[in-house]
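Scroll down for the structure; my scribbles are underneath it.
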């Protein structure tokens, strides 16, 4: 019974990571970085929307990979750089963790499977 409980606890800690405890390092983020990086990520998002809307119909590459990357940056920044109430912090860390796993899967495999003209980062998939 103890082994099963340990396995469940391990799986839960992987799937539902807890935010790190507040330390001087996490609370000493300068507001210029905190909000400046948020603005930078949002500008990247808007620029990607603009680029996506201007792509020609003959474009054969993956038009969505930029959204995946920008959302990964956004979720990670929101989870790490801002103080949130405990429940929201847990939700943001969980969302950020799940999105990082999804982004890796999308970038390394799914993008190549959906858009074969996109070069794969994994050589054995070519």
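Taking region 43-62 as the region of interest, how many residues are modelled with pLDDT under 90 and either surrounded by 13 or more Cβ atoms within 10 Å (Cβ to Cβ) or on the phi > 0 side of the Ramachandran plot (or both)?
Residues in region 43-62 being modelled with pLDDT under 90 and either surrounded by 13 or more Cβ atoms within 10 Å (Cβ to Cβ) or on the phi > 0 side of the Ramachandran plot (or both): 1 in total.
Sort out for me the helices (runs of 4 or more DSSP H) sitting completely within region 30-126 that have 3 or more residues that are within 12 Å of the chain's Cα centre (by Cα).
65-81, 86-105
The values are calculated or read from the model by the stated rules, or taken from the named source; none is laboratory data. Only a predicted model underlies this, so the values are computations on that prediction, with no experimental measurement involved. For neighbour counting, all protein chains shown are included, and Cβ atoms are generated from backbone atoms with ideal geometry for every residue, glycine included.
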